[in-house]
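Structure, as structure tokens:
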Amino acid sequence: MNITRFRISLIVLLSLCIGQISLSQDLDKTITIEIEDETLKVFLNEFGEKSGLNFSYPSALKALKEKVSYKAREKQQRQILDDVLSPMEISYQVVEKQIVLSEAKTKSEKQKEKITVSGRVRDDESSEYIAGANVYTRDLNFGTITNAYGFYSLTLPAGNYIMHFTFLGYESRTISFSPLRDTVINIDLVESGLDISEVVIRAPEENLLRLNQLGGMKFSPKTLNSLPAFAGDVDVIKSLNTVPGITNYGDGSTLFYVRGGNSDQNLINIDDAPVFNPTHLFGFFTALAPDAIRDIEIYKGDFPATFGGRLSSVIDIHSKDGNMRNLGFGGKLGPFTSSFSMEGPFVKDRFSFFFSVRRSNLNWMGELAEVNRTFDFSFYDIHTKLNIKPNNKNQFFITFYKGQDDYSRIINTNNAFGISWDNSLASLRWNYTPGDKIFINNILFASEYNYYMYIDRENDDYWISAIKIQGLKSNMSYYFNPRSTLRFGIALKNYAMNPGNIHFSDPETQAAAPAIPEYNAFETNLYGSYELQLGKKFISRFGLRVSSWQDYGPTRVYHFDEFYRHTETEEIMGEDVYKTFVNPEPRISLTYLLGSSASLKAAYTRNVQYLQLLSNTTSPFTSLEVWVPAGPNIQARKADQVSVGYFRDIIAEKLQFSAEAYFKKIYNEIDYTEHASLLLNPLFEGELRFGDARAYGLEFLLRRKTGKLNGWIAYTWSRAFKTIADVNDGKEFHPFYDRPHNFNISLIWQPSFRWSMAANWYFISGGAITTPIGFYYSYGYQVPVYGKKNNDRLPDYRRLDLSVELHFGKERNEYQHSLELTLYNALGNKNPFAINFNKEINEQGDFVVPKDMDEPADLIPSTLSVSGMVPSINYRFRFK
């Protein structure tokens with residue numbers, strides 16, 4: 001099957017579906033109409049001509065002959081119909097291009113009638129949508145929360161209600177209303193200047209408990225900005241290490257491992273577009289500037305059906321939309337990085353922008369190096385977003401991100417060699433609300449990652465690996481009522497991968513270099529989920545995701561026998577499909593409410609991953625990582641995860657406790673043969689070995705959300721195992737990321753507006769590594785003997801980070817500025833990331849390996865650490 005025809009047919013099908021949905025007309029449009037002493041039937045004909053809508057009604061409708069006099073200039077169509085039809089006791093309903101008229105219901109019928117209240121919840125100052133806000137009525141004692149785009153929908157019996165809108169850190173809003181028909185209510189919440197504990201109105205505890213995502217957590221910018229970070233630069237990815245079940249690699253790295261999975265099993269999205277390397281400066285900094293972040297959602301167990309493609313976690317990052325009402329700017333000046341951001345409206349409440357830029361200030365470090373030997377580090381990132389709202393039914397968001405790193409070794413004023421990488425992504429999102437119960441989110445996105453290892457910059461000789469993706473997604477949510485919600489959608493993605501090729505400027509040298517075949521693939525995802533509350537205690541969610549992966553040409557495929565020996569080479573011409581995978585991915589979660597302050601939850605999730613990141617080292621500073629797809633020689637990895645949890649509000653909305661347990665089984669896990677050769681090896685797939693993995697653990701979290709002193713305490717006990725054919729004699733072993741104990745304390749103390757202080761304490765068990773079990777002498781040299789794989793461990797990891805921030809001026813001033821002092825690794829712990837076995841100590845006390853030795857010398861273990869204590873002082877400013 002030709003992949004181009006396949007893609008076109010799917011895109012056309014999706015376009016037709018979206019087109020059918022969008023036929024629903026927008027009654028918020030305005031028209032001018034004037035009728036003087038004419039029948040209602042004449043009025044309807046005139047209205048239909050001006051609006052483009054058709055009316056449908058029974059011929060026996062009594063009011064058709066009644067006289068109408070009405071005049072309106074540029075008035076909303078909905079309001080005109082209300083003005084004319086309501087006094088005649090005629091109700092109407094929009095069905096595609098038809099307005100269906102009928103006799104109004106009697107009082108007893110109205111009491112049985114259901115109406116839908118929907119709308120958006122926004123920040124009053126910036127007009128940013130607030131995700132996760134509580135919307136509820138105590139009259140019926142139930143409610144809902146806003147989705148990621150601030151939208152909510154509640155279906156209620158017709159009557160009189162008091163509606164409450166609450167969100168942590170904002171003043172609550174309460175409104176009274178008596179809706180006669182479906183109603184749109186948009187609410188702006190004002191950020192609270194008070195201690196949150198002083199707010200009286202609370203959402204029902206059972207409403208909060210049902211919303212806790214099993215295996216999930218959410219960060220706001222306010223929380224992130226309060227945590228101490230390396231060089232005072234708030235780190236989105238490293239902050240995840242404070243979440244139970246997530247373990248970081250160590251100092252100077254953004255690698256993280258979730259519930260016994262490898263680092264490539266985590267999906268990181270920025271405004272729905274994936275980013276493949278979220279790092280600056282080898283992992284010391286995260287690629288996305290903190291000023292650009294609106295919120296972060298983390299899923300590590302109970303995956304929503306809309307997410308897939310990774311086995312262990314989804315990190316869903318939403319960037320700021322841009323202030324629709326006021327112009328503002330902010331930034332940071334520091335010794336390591338400087339940043340600046342600006343946002344504001346082009347057209348108030350209709351069209352806004354957000355822009356941020358960050359660059360490194362690291363040149364002074366090179367000046368400290370020896371004469372005739374310097375290093376040049378630099379990186380930058382740019383983030384731009386446009387927010388366009390033509391009407392209340394449609395909204396468009398355009399995001400662009402670009403980040404680049406460059407590291408050069410400079411010798412004799414020439415750039416001899418170096419490393420460079422860049423991330424680029426863009427997305428166009430269209431939010432469409434055709435009705436009070438429907439929310440549609442359409443996304444067009446693209447992302448690209450390139451990694452260069454320069455052999456000779458002057459001659460432009462380099463090695464490159466790359467991955468590109470373009471995709472289209474359409475998600476729909478239908479809110480039947482507060483106890484029943486249906487979500488479904490489709491996603492189409494196209495991939496292009498370069499697994500590592502070398503480029504020489506000299507044609508003869510280039511002709512002699514090995515050529516590694518590149519890959520192309522197309523992925524289709526269909527998914528849906530249904531959430532249903534049964535009675536007052538039981539909530540269920542059933543989901544199914546069906547994924548299809550197709551590898552297509554042009555490329556070259558190498559075949560191997562059972563002993564991994566190359567047997568055949570196959571040339572794939574054109575765009576012919578040569579390998580197809582289809583996998584169902586069911587999900588189910590159950591919640592049982594234990595009274596008003598506690599709940600039990602259980603979930604099962606099946607995930608499938610078709611992309612693999614190959615690297616034969618656990619070091620975060622590797623330069624040989626490549627992305628490759630599942631295919632004839634690499635099976636798709638699959639994971640089954642079962643998790644259970646207990647959640648309790650010890651003090652409603654103030655102090656929460658949770659405990660979770662999980663078991664995960666991974667199939668077709670990847671490892672490598674001994675001394676695997678992955679660089680410039682066309683047959684690198686023959687270096688791979690496959691098997692299964694398993695992991696289990698317990699996670700505990702105690703979190704205080706409000707008050708002058710807040711934060712959380714997290715502890716995780718976990719184990720991870722691999723069983724790989726031809727590795728460790730086929731026996732089970734612990735991978736590097738098996739780190740049984742992970743303990744974290746995060747505290748934020750703000751005694752007054754002027755002062756705020758924070759502390760993070762980390763303890764993580766050392767990673768599993770392989771060390772010699774003995775030695776023997778050969779020709780006068782001591783040779784290590786190795787036994788089982790990963791038979792030893794690195795020393796335990798400990799780190800304390802501290803920060804103090806002094807705010808100037810007054811809390812209500814438009815110009816806010818502060819000075820922040822950060823101590824990263826305040827106790828100066830030497831946390832090693834590698835152990836070397838060296839031969840002797842020289843006169844300077846350094847471990848060295850001599851080229852010549854007349855007599856045998858013992859091997860001496862030594863460790864490599866990234867850094868000791870790193871102090872930083874930063875000046876922050878903001879005008880709002």
Unique residue being out of contact with any helix residue (DSSP H, G or I) (no Cβ under 8 Å at 6 or more places or on another chain) and closer than 19 Å to residue 439 by Cβ when the list is 191, 128, 171: 128
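Yes/no matrix, rows are residues, columns are (1) at pLDDT below 80; (2) within 15 Å of the chain's Cα centre (by Cα); (3) outside any loop (DSSP other than H, G, I, E, B):
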{"position": "214", "(1), (2), (3)": "yes, no, no"}
{"position": "240", "(1), (2), (3)": "yes, yes, yes"}
{"position": "252", "(1), (2), (3)": "yes, no, no"}
{"position": "291", "(1), (2), (3)": "no, no, yes"}
Of all residues in region 553-574 being among the acidic types (Asp, Glu) and part of a loop (DSSP other than H, G, I, E, B), the one that is most open to solvent (accessible area, probe 1.4 Å): 562
Residue, farthest from residue 557 (Cα to Cα), within region 651-677, restricted to residues that are touching a strand residue (DSSP E or B) at 6+ places or on another chain (Cβ under 6 Å) and without any contact (Cβ under 8 Å) to a residue 40 or more places away in the chain: 661
Near pairs, Cβ below 7 angstrom, 6+ apart or cross-chain, from region 162-191 (in contact (Cβ under 8 Å) with a residue 24 or more places away in the chain) to any residue that is open to solvent by 70 Å² or more (accessible area, probe 1.4 Å) and among the aromatic types (Phe, Trp, Tyr): none
Complete set of residues in region 466-485 that are under 24 Å from the mean Cα position of the chain (by Cα) and small (Gly, Ala, Ser): 466, 471, 474, 477
Condition met for residue 264 (farther than 28 Å from residue 703 by Cα, surrounded by fewer than 24 Cβ atoms within 10 Å (Cβ to Cβ) and of a type in the set (Asp, Glu)): yes
Identity of the residue in region 262-289, of a type in the set (Gly, Ala, Ser) and not in a loop (DSSP other than H, G, I, E, B), that ends up farthest from residue 585 (Cα to Cα): 283
Some residue of region 575-583 being assigned to a strand (DSSP E or B), under 31 Å from the mean Cα position of the chain (by Cα), at pLDDT below 95 and of a type in the set (Asp, Glu): no
Within region 135-159, tally of residues that are open to solvent by less than 10 Å² (accessible area, probe 1.4 Å) and at pLDDT below 85: 5
Test: residue in region 615-627 that is more than 22 Å from the chain's Cα centre (by Cα) and in a strand (DSSP E or B): no
Residue 479 being in contact with an Asp or Glu (Cβ under 9 Å, 6 or more places away or on another chain) and closer than 28 Å to residue 273 by Cβ: yes
Hits in region 675-721 - residues which are among the basic types (Lys, Arg), open to solvent by 60 Å² or more (accessible area, probe 1.4 Å) and part of a strand (DSSP E or B): 694, 704
Exclusive hit being of a type in the set (Asp, Glu) and assigned to a strand (DSSP E or B), set 295, 302: 295
Matching residues in region 160-169 - criterion: being open to solvent by 40 Å² or more (accessible area, probe 1.4 Å) and either over 16 Å from residue 186 (Cβ atoms) or not in a loop (DSSP other than H, G, I, E, B) (or both): 160, 162, 168
In region 284-294, the residues that are open to solvent by 10 Å² or more (accessible area, probe 1.4 Å) and either of a type in the set (Asp, Glu) or closer than 14 Å to residue 423 by Cβ (or both): 291
Residue 281 being open to solvent by 20 Å² or more (accessible area, probe 1.4 Å) and within 30 Å of residue 876 (Cα to Cα): yes
Members of region 116-153 found to be assigned to a strand (DSSP E or B) and acidic (Asp, Glu), listed by number: 123
Qualifying positions in region 43-63 - open to solvent by 20 Å² or more (accessible area, probe 1.4 Å) and either in contact with a strand residue (DSSP E or B) (Cβ under 7 Å, 6 or more places away or on another chain) or touching a residue at least 60 places away in the same chain (Cβ under 8 Å) (or both): 46, 50, 51, 54, 55, 56, 57
Residues of region 180-203 classified as more than 17 Å from residue 121 (Cβ to Cβ), assigned to a loop (DSSP other than H, G, I, E, B) and at pLDDT below 70, total: 5
Residues that are assigned to a loop (DSSP other than H, G, I, E, B) and either closer than 20 Å to residue 835 by Cα or in contact (Cβ under 8 Å) with a residue 60 or more places away in the chain (or both), drawn from region 727-739: 727, 734, 735, 736, 737, 738, 739
Among (1) closer than 30 Å to residue 732 by Cα; (2) assigned to a loop (DSSP other than H, G, I, E, B); (3) open to solvent by 40 Å² or more (accessible area, probe 1.4 Å) - the single one residue 798 does not satisfy: (2)
Scan of region 33-81 for residues that are among the hydrophobic types (A, V, I, L, M, F, W, C), under 54 Å from the mean Cα position of the chain (by Cα) and farther than 16 Å from residue 99 by Cα, ordered by number: 33, 72
Wholly enclosed strands (runs of 3 or more DSSP E) of region 433-509 bearing at least 3 residues of a type in the set (Phe, Trp, Tyr) and closer than 26 Å to residue 148 by Cβ: 438-456, 461-481
Boolean, residue 684 is in contact with a Leu (Cβ under 7 Å, 6 or more places away or on another chain) and modelled with pLDDT under 95: yes
Tabulated pairs, region 545-566, first among the β-branched types (Val, Ile, Thr), second surrounded by fewer than 16 Cβ atoms within 10 Å (Cβ to Cβ), C-beta under 6 angstrom, 6+ apart or interchain: 546/526; 546/584; 557/570; 557/632
Filtered residues of region 311-333 (kept if open to solvent by 20 Å² or more (accessible area, probe 1.4 Å), in a loop (DSSP other than H, G, I, E, B) and either in contact (Cβ under 8 Å) with a residue 24 or more places away in the chain or not aliphatic (A, V, I, L, M) (or both)): 320, 325, 326
Within region 739-778, tally of residues that are of a type outside the set (A, V, I, L, M, F, W, C), under 14 Å from residue 795 (Cα atoms) and open to solvent by 30 Å² or more (accessible area, probe 1.4 Å): 2
Matching option when the condition is in contact with a helix residue (DSSP H, G or I) (Cβ under 8 Å, 6 or more places away or on another chain) and open to solvent by 70 Å² or more (accessible area, probe 1.4 Å), among 788, 731, 810: 788
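The values are calculated or read from the model by the stated rules, or taken from the named source; none is laboratory data. All figures in this text were calculated on a predicted structure; none of them were measured in a lab. Positions of Cβ are backbone-derived with ideal geometry, glycine not excepted, and every protein chain shown enters the neighbour counts. To get the accessible areas, we keep the full protein, side chains included, count just its heavy atoms, and leave off ligands, DNA and RNA. Shrake-Rupley method; radii C 1.70, N 1.55, O 1.52, S 1.80 Å.
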